[in-house]
1. Assess whether residue A:871 counts as being farther than 29 Å from residue A:717 by Cα and in a loop (DSSP other than H, G, I, E, B).
2. So, of the residues in region A:934-952 that are farther than 17 Å from residue A:921 by Cα and modelled with pLDDT under 95, which turns out to be surrounded by the most Cβ atoms within 10 Å (Cβ to Cβ)?
3. Somewhere in region A:932-943, is a residue in a helix (DSSP H, G or I), farther than 28 Å from residue A:688 by Cβ and outside the structural domain of residue A:816 (by TED's automatic domain parsing)?
4. Can you confirm whether residue A:888 is outside any loop (DSSP other than H, G, I, E, B), surrounded by fewer than 24 Cβ atoms within 10 Å (Cβ to Cβ), in contact (Cβ under 8 Å) with a residue 12 or more places away in the chain and not assigned by TED's automatic domain parsing to the domain that holds residue A:22?
5. Evaluate region A:114-130: report whether one residue or more is within 14 Å of chain B (Cβ to nearest Cβ) and modelled with pLDDT of 90 or more.
6. Kindly indicate the residue of region A:17-47 that is in contact with a strand residue (DSSP E or B) (Cβ under 7 Å, 6 or more places away or on another chain) and part of a loop (DSSP other than H, G, I, E, B) and also farthest from residue A:375 (Cα to Cα) among those meeting that condition.
7. Being crowded, with 16+ Cβ neighbours inside 10 Å and modelled with pLDDT under 90: is that true of residue A:176 here?
8. If residue A:642 meets every condition in (1) farther than 25 Å from residue A:832 by Cα; (2) out of contact with any strand residue (DSSP E or B) (no Cβ under 7 Å at 6 or more places or on another chain); (3) in a loop (DSSP other than H, G, I, E, B) apart from one, which number is that one?
């Protein structure tokens, strides 16, 4: 039956800011959904707090609300927009949970809104652990013995019955946050306690551990009449025990006989039938490697990270099909767009192997606990395809930007044999793959590795083949690559989808006819690789927009990228897609076959920009700003020289290569100093050093990685940070937006609350900034985007950093100003000028609204990481608050970022000596608002001396029973304000306080400026019921 | 591995590495896109006379498990796999793919651009080829051009079935083992009890299986449902079959062109069986034979359907099932189809009331188990017709 004619207006709730467990895949899914709705003539109301998404673009949705994803706000938007239906399954866990709350409270039916996709009953059966178990038992599907409990005592009792080891799984949390393994009562007490706190309904499942079983997943699709198919089977390289988001995953299953495979496929289909799923669903199963015994682990009755992976792995567009199913189509009515002549009611056949490798943030968070377990820790992932597992795995490793070209890990190569062996038996970490490979190299037998790790012998044999090939030197004698097509059907049907991957062992190059058939000029666009801290979805936004403009201008846009979660790797975004690592060899191979007029490196973040020099050296034309100019911005000496010539100030500093040079430099400059390696993004390994000890500690960490350039040391100047995004055509400069940061310098701009338009930048200063920007852009001969960070210090303007490329703020500034920055950047980089285009340059006029970008962190997933903000970026995502004034915008931004915005309770203040003066006026505002002040001794004394009534609290080391931690646990604290000069080390008292706030879900701030912004917005009197809802089309 | 070549009828030569048996073979090249189930494929008699190409590059990963065989030998003449695995891993694995092919005298070819080959077959249609160890001569090319799969059914069907037929108890034991293995006691102990099925004998189900190259799973599906199954050779007469007094007749899968002259007597036999009004269920070649016995015709498909992902739509219910398929010919149904292929609209099933048939493999093995319910449908029809007969007082 065709689509439901009564649906004219549909609401889609996005997944909000990027956090661990919920990344760019939902922008990809949501955007696909919007396109489907649009094609069906349906008006789209989009709600998402994340401004860096493509789904919030004006050409994707009709009405766009970049508003907090809270129940109250969404209800208000529904009342205002009166949609006919709401899509529940495409906005990740966030969108699903909100939709369910709306449905179950009766709000949807009261307002005549239909829930499209799976019904609440289905979702409950899938998500409520006990209901799920009951349903499985009812249909004869085996489950793991478990009990749902609501307190620690019941958890201990359950474990006594089930037997240790047990797994703790909190209900209704993202990426299994707050869960873990417990081997004893003592361990369970802690883990169950954390899990209960993490669960919004204070419920955890205590479950028998089946560690060592194979973990298998099926991505299935079911329509309302009960047609169901399995899109893809996936097998985890790591056995059960490591979260699938942290596992290396292959598709299809490689070690299962057909009997096992069909048994599990049938189970998956029976399960979605029993649950009544309508749309996409992920089913996770565990299979005993020694029998047909299996158990259903869990299901996700929605489009998920795995479904994005399965979509890219097979070419089957799960989100599109799920949307069509939600609006009434059956699978046999939906055309397979890849082949163009088959239907969605079939199962893709692969003639290649897919490997997914997670991308973890442990290179940035050196103190973070890097053990892998039931709680996902990866921020992103790469996918690789080849005609065999070994090649796909090596591609994935090359593409993960670990600084590795193969499985030989320099750090692990240095380990003693005993350390390598011990690591095999220990809890797996992010290094597991490399440790296993090193173990093989050291002659530890395959059998021992298998028995220690339970990794299937088939995978280990594949690693042996890689090792043997390496010994033979086969990797050196590389064969010429040919490109094969992803067609969903293993060549059974003709297909003209330009989606390719390379193989070494082939005779037919399938891309050649595509290249020959096009008379257009070709441009290669480099994507941004895996999502990681510092390089998020913003760069996929920029890459996709770049492609769109190129296509509009009549070029063939060719994308190279390896991130399966993104829209840039959708088969119909570019003219041709190469799913390949962003490694120079792989990129050059594509360039050799495509022969493009040039390469776009400015939109794919640091990943793409890093390749500029190597490409240029190989004679490849870089479109836009030259590789040499890019190099000037990264090379300390050249950059200094340029600024000197331009007579522009920058904080004094120098570049060093080793510890001795660093110490000399730091002492010459005078502490504190700012340190960072060259070519960084997101302030990777960037710190403020206050002493020689700091320098020693940090140099060791920085030098453990291969340096592409010197380590830079600057004098740290505390001041106000201003960020400018500009576009230059070589002559004129357009500044779409000047942003001002709430926090003083020292906090990375990606972690700062950023305000646009600026509040404290007057007309004269703006003119100066324009002049400086013009000077720098022209000196660098910038064609396209340039991002400059300025520092205002005692009336002087300093330049901190210049990035001649798309920045993190491009999507949000584009959205609120209505200036399509990427479009203009692409045009100018290809030689167009503002004059010719008739575009007025200078500083663009500002809207009547104030917008505030607020960072979002994933600290609850990363045990051991200090939440103190500094020059190294820590946030994973961002939200936007749009208001009539700064306070309203701040209020909305903070709500959207998850601040609870309580209007009463206690505020715990513990600040560093340098911050004591500055905290007084802020504390006074809290007191005036009726908050009770608590502080540690030093701070308390200072506050009292300034006439503020303050309750003194002991530090953790001073009083084990009544201290800052127990105070936070008591629930009396609404906010924690904690600053310190030095953080990082998880054993420090102030770090513990901040971590406790995270685990207890208490809102916290780590800078005085943020604290001030927080209390200001609380004092503003805005509430979720009263702030203005802003539809994006009305402001620009 | 030594050098091996694949020489196609259209002149194309692929150079790879040979494995398996040490002999050159000529055959009709067909490709299957199934990603697993290679043991079932290799032991499926329907592949008689053919060289099978696996489009999935990694084959042999879980080794050889004789329990999963669909017959007692490997049928294709040649087997083309990009990367055969000789170090398999599975708890049931007994030995590797190379050993299996050597044991059964089947030549393997590895390390060629299998996707390029599959595309040639797709574009130009199924064609002959020869796996060789040296460059082809004119004589080889002539051999390739002239090769034909003939007398396929006679070559795969057992003429001495009565001698090798296992007793019912033994078959039931195998069926029970299969059932038990797939649903062992779960860790929870609860689900298994629900799922536990006992194989028992059902007197109503007396099945004559006309074996034109039957896969073992077809028989097993009936045994699981309590049937007694007696197999008959392809050249058994209608009288012989009817003398067994069956309550249902199964027409099995099998190789070759249904319209081949040699098959005419089989179709004649089926015509007589149809007249007997006993419930008949035809599968694959059996479906084609049943159609032809009912006056319909068949024709060759360009390159056939060989995969585990073919969508089939039930035109009555509107439901779609994913099926396992292996056939090179289709029935021209003239709008009489009950089931059709969603991709190309070809006939996937016919229903003549008392007799019905499907083009795909409801017994799966390998492939999806979505349509095993058709065996229940067969049982239901048998039971219904038994009821009618007993109320009419007429028993054959």
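1. Values: farther than 29 Å from residue A:717 by Cα: no; in a loop (DSSP other than H, G, I, E, B): yes.
In short, no.
2. Restricting to residues being farther than 17 Å from residue A:921 by Cα and modelled with pLDDT under 95, the top hit is A:936.
3. Initial filter on region A:932-943 (in a helix (DSSP H, G or I)): A:937-943.
Subset that is farther than 28 Å from residue A:688 by Cβ: none.
No.
4. Values: outside any loop (DSSP other than H, G, I, E, B): yes; surrounded by fewer than 24 Cβ atoms within 10 Å (Cβ to Cβ): yes; in contact (Cβ under 8 Å) with a residue 12 or more places away in the chain: yes; not assigned by TED's automatic domain parsing to the domain that holds residue A:22: yes.
Considered against the rule, which asks whether it is outside any loop (DSSP other than H, G, I, E, B), surrounded by fewer than 24 Cβ atoms within 10 Å (Cβ to Cβ), in contact (Cβ under 8 Å) with a residue 12 or more places away in the chain and not assigned by TED's automatic domain parsing to the domain that holds residue A:22, residue A:888 comes out as yes.
5. First, the residues of region A:114-130 that are within 14 Å of chain B (Cβ to nearest Cβ): A:129-130.
Now restrict to residues that are modelled with pLDDT of 90 or more: none.
Taking every residue of region A:114-130 in turn, none turns out to be within 14 Å of chain B (Cβ to nearest Cβ) and modelled with pLDDT of 90 or more.
6. Initially, region A:17-47 is screened for residues in contact with a strand residue (DSSP E or B) (Cβ under 7 Å, 6 or more places away or on another chain), giving A:17-19, A:23, A:30, A:33-34, A:37-38, A:42-47.
From what's left, part of a loop (DSSP other than H, G, I, E, B): A:17-18, A:23, A:42.
Numbers: A:17: 19, A:18: 16, A:23: 15, A:42: 39 Å.
It comes out as A:42.
7. Working: crowded, with 16+ Cβ neighbours inside 10 Å: yes; modelled with pLDDT under 90: yes.
In short, yes.
8. (3)
The values are calculated or read from the model by the stated rules, or taken from the named source; none is laboratory data. Everything numeric in this text was worked out from a predicted model, so none of it was measured. Glycine gets a Cβ as well: all are built from the backbone with ideal geometry, and neighbour counts include every protein chain shown.
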